[in-house]
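The values are calculated or read from the model by the stated rules, or taken from the named source; none is laboratory data. A quick note: this is a predicted structure, and the numbers were derived from the prediction, not measured. For neighbour counting, all protein chains shown are included, and Cβ atoms are generated from backbone atoms with ideal geometry for every residue, glycine included. Side chains are part of the model used for accessible areas, which takes the heavy atoms of the whole protein and leaves out ligands, DNA and RNA. Shrake-Rupley method; radii C 1.70, N 1.55, O 1.52, S 1.80 Å.
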Amino acid sequence: MKLTRGVPAGALGEPERRAAGRTLLDGESIAAVAVFLVLAALPAVIAGYPIYILPQYMLFGMLALSLALLWGQVGIVSFGQAAFFALGAYAMGLAMHQTALPVNGAYLGLLGSLALGGALAGIIGYFLFSAGVRGAYFVIVTLALSIIVEQLAVSQSQITGGWNGMFIDRMSLTFGPLGEVSLFEDAPIYYVVLVVVAAAFALLKGLTRAPFGKLLVGVRENEDRLLALGVRTPLYKTGAFALSGAIACLAGALYGTHAAFVAPSLAGVQFSTEVVVWVAIGGRNSLLGALLGGVLVSSLSNYLSAIMPDYWQLALGILFVLVILFLKGGVAGAISRMLSAGRRS
């Protein structure tokens with residue numbers, strides 16, 4: 001008999017089952033609010049390099065969120081998130097370099113990256129999902145996408161700078177006659193990135209509670225049954241992939257203007273694999289777990305690469321294997337199971 005949080009499913013009425021689901025979701029939401037409040041308070045108590053580098057880690061967390069939507073909600077593993085991330089960074093750089101524009105180039109870069117990521121992922125997803133591409137075949141296609149974007153960035157050196165990369169200025173917020181807010185200092189752009197990451201998390205969290213999100217879970221659990229019921233699952237998967245691509249592209253655009261540089265390796269297979277590792281360690285079924293996995297594991301990777309440059313990938317690989325072996329569902333899954341066991345006892 002199926003259990004719902006330690007109670008036989010038949011013993012719960014529909015209202016009780018809905019309340020149980022809301023309680024679990026609200027717990028993650030409360031934890032997320034606490035995390036964002038701590039991040040918002042950090043610039044008031046510390047300064048220097050941590051405030052400079054944390055926005056980049058938060059954007060890696062946002063990139064991990066885009067994969068968690070696919071992998072956790074729909075059951076689709078994508079190795080192409082880094083490709084969208086890099087495309088967003090290059091789109092931001094190209095827009096910022098157009099000094100003759102009548103509008104703030106940064107705004108054009110942000111909106112353009114959203115449109116580019118959503119449109120490209122939507123087109124690719126439509127043809128793949130309509131053709132019934134699933135599982136390992138989808139992984140191969142998205143892996144090829146990362147390779148293609150990296151090679152395009154290298155070959156189109158007159159536009160992208162090739163292996164030398166592209167330098168991008170820090171963006172500023174302009175409000176017409178009301179003036180301009182400079183983001184050249186670390187604290188202002190820190191808060192801009194924090195707001196965007198929090199908004200992305202809230203959007204995806206709300207999506208999981210909406211009917212669209214419930215259907216995505218149905219696709220993950222039993223797509224064939226939904227097809228038999230007449231649900232056009234390829235369209236739902238295409239929508240999820242398009243949203244995922246748009247979020248990854250937006251994160252890349254902000255990363256480009258914050259780091260002031262983008263290189264072809266940002267779209268490479270190695271970085272794409274790292275994103276999958278972040279989500280697997282943090283917990284693919286938890287948006288907050290994926291977000292924190294992106295932030296913490298990427299920062300750990302940078303730390304390890306500094307103290308052991310020849311072996312940091314080996315250390316990260318060992319951590320990944322240990323999590324897969326002993327922490328099913330990642331760190332967030334392990335914490336959820338411990339809390340559930342504590343409530344039952």
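Enumerate the amide H contacts of residue 174 below 5 Å, restricted to partners 5 or more residues apart or on another chain; note that Pro and chain-start residues carry no placed amide H.
Amide H to amide H, under 5 Å and 5 or more residues apart or across chains, residue 174 pairs with 181.
Roughly speaking, what is the stretch gain from residue 260 to residue 174, that is 0.36 nm per residue apart minus the C-alpha to C-alpha distance, in nm to one decimal? If you can, show how the numbers build up before the last one.
Values: separation 86, 0.36 × 86 = 30.96 nm, distance 1.89 nm.
Stretched out fully, the residue 260 to residue 174 stretch lengthens by 29.1 nm.
Using only Cα atoms, find the angle between the long axis of helix 312-326 and the longest principal axis of the chain, and express it within 0 to 90 degrees, rounded to the nearest 10.
In the chain, helix 312-326 runs at an angle near 20 degrees to the longest axis.
For the pair residue 337 and residue 303, how long in nm is the line joining their label points, each one 7 Å along Cα→Cβ?
Going by the 7 Å Cα→Cβ label model, 2.5 nm.
Angle, helix 105-130 long axis vs. longest principal axis of the chain, Cα atoms, 0 to 90°, nearest 10?
40
For the peptides 86-93, 307-314, 328-335, 235-242, what is the packing order when you average, over each peptide's residues, the other Cβ atoms within 10 Å and list the highest mean first?
Numbers: 86-93: 29.1, 307-314: 11.8, 328-335: 18.8, 235-242: 21.8.
The densest-packed peptide leads the list: 86-93, 235-242, 328-335, 307-314.
Please give the calculated 222 nm ellipticity per residue for the chain, where each DSSP H segment of at least 4 residues contributes -39500 (n - 2.57) and the sum is spread over every residue; nearest 500 deg cm²/dmol? Working shown, then result.
On the way: 13 runs with 253 residues, N = 345.
Value at 222 nm, helices only, nearest 500: -25000 deg cm²/dmol.
Leaving ligands, DNA and RNA out of it, rank 96, 62 by accessible area with a 1.4 Å probe, largest first. Each step should come with its number before you reach the end.
On the way: 96 35, 62 0 Å².
Largest to smallest exposure gives the sequence 96, 62.
At a Förster radius of 41 Å, what calculated FRET efficiency corresponds to the Cβ-Cβ distance of residue 222 and residue 30, to the nearest 0.05?
Details: r = 31 Å, r/R0 = 0.76.
My answer for the efficiency is 0.85.
Quick check: the angle from helix 14-45's long axis to the longest principal axis of the chain, C-alpha only, nearest 10 degrees?
So the helix axis and the longest Cα principal axis differ by about 30 degrees.
Pulled fully out, how much extra length does the chain show between residue 42 and residue 144, if you take 0.36 nm times their separation in residues and subtract their Cα-Cα distance? Kindly include the intermediate steps, with their values, before the conclusion.
Numbers: separation 102, 0.36 × 102 = 36.72 nm, distance 3.94 nm.
Once the chain is fully extended between residue 42 and residue 144, it gains 32.8 nm.
Tell me which residues come under 5 Å, amide H to amide H, from residue 261 once H is placed; ignore anything under 5 positions away on its chain.
The answer is 168.
Please report the carbon-and-sulfur percent of the accessible area for the range 196-345; probe 1.4 Å, protein heavy atoms only, DNA, RNA and ligands left out. Before the final figure, lay out the partial values.
Numbers: 4620 of 6930 Å².
Ligands and nucleic acids excluded, carbon and sulfur give 67 percent.
Hey, can you rank 317-323, 99-105 by average C-beta count inside 10 Å, highest first? Present the calculation step by step, with values, prior to reporting the outcome.
Numbers: 317-323: 14.4, 99-105: 11.3.
Packing order, densest peptide first, comes out as 317-323, 99-105.
If you average the sequence gap of Cα pairs under 8 Å that are 6 or more apart and divide by the length of the range 181-291, what percent do you get for the contact order? List each step's numbers first, then the result.
Working: 36 pairs, mean separation 22.3, N = 111.
Taking the mean separation of contacting Cα pairs over the length of the range 181-291, I get 20 percent.
Compare 173, 327, 152 by solvent-accessible area with a 1.4 Å probe and give them largest first, with all protein chains kept in place.
Working: 173 35, 327 60, 152 90 Å².
The residues order as 152, 327, 173, largest area first.
Please give the per residue accessible area of the chain, computed with a probe of 1.4 Å over protein heavy atoms only, in Å².
On the way: 16740 Å² over 345 residues.
That works out to 49 Å² per residue.
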